[in-house]
Amino acid sequence: MRKQQKGFTLIEVMVATSIMAVMGAMSWLGIDAMLTTKERTFDKSTQTSALQIGLSQWATDLDNAYFSQSIEPMGWDGKAFRLTRRSEQADKGVVVVAWATRTDGQLHQLMRWRSEPVLTQSQWNSAWQQAAVWARGGQIGSPAVLFPAESMNVHFFANNVWTNAQSTASDKEVEADQESAVLPTSKKKSTQPSGVRLQLTTPNGTLTKDWVSPLHSGTKS
């Protein structure tokens, strides 16, 4: 009498294979979800870091603004926010920086341009003009690309009210600026505002950054 051979039937093998396939698919979906979440978290962290670095640099530039009777300290012409600030090296004079939203070929980005240190009035005049030209698409220097932003606007705080910084210029000055891409330096130099507000339109919505001058206490935001 022969012994009956024990083993799996074809149906049992097919069922086991189907179960293993389902488990494998579920495992792959779980791994894919984990990788996607990790990638999104990394991208979000990178964006947040770039945003913090950019806004920190904005505040640093304003904290180091240089005010003089002979040069314009800061100005917003609707396209570029230009600022004269002390150089990182005290013996190197001042530098002109410009903030503007420009396209890098694919996306609109908030960018920061910086001149070489200047020591004379003529050097400053040239740097101030170059800043405006750069903001309007000129290929001057190597600006820092900070983070995506479609547009920007700047307001000054004075006399307990926020006003558009561009509205402080006369109509003739604005018209001349549109024609020459350079805002003429007014005879009466502007004074340091007690606050500056930066408004950015980003892919994630509107972002507002207020800066309060260290020389003014109790400034309202």
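The values are calculated or read from the model by the stated rules, or taken from the named source; none is laboratory data. Please read these numbers as outputs of a predicted model, since none were measured by experiment. Here Cβ is always computed from backbone atoms with ideal geometry, including for glycine, and neighbour counts include all displayed protein chains. These accessible areas exclude ligands, DNA and RNA; they are computed on the full protein's heavy atoms, side chains included. Shrake-Rupley method; radii C 1.70, N 1.55, O 1.52, S 1.80 Å.
A few remarks follow.
- The share of Cα pairs per 10 Å bin across the stretch 87-145, counted from zero up to the longest distance, runs 24, 49, 22, 5 percent.
- Using a probe of 1.4 Å, the accessible surface attributed to M74 totals some 10 Å² when neighbouring protein chains are kept in position.
- Nonlocal amide H pairs with Q109, under 5 Å, H built at 1.01 Å: R102, T103, D104, A149
- Accessible area (Å², 1.4 Å probe, nearest 10) - E88: 120
- Cβ-derived FRET efficiency at R0 30 Å, Q89 paired with Q129, nearest 0.05: 0.80
- Mean silhouette area of the stretch 48-143, derived from the convex hull of its C-alpha atoms and averaged over all directions, reads 6.5 nm².
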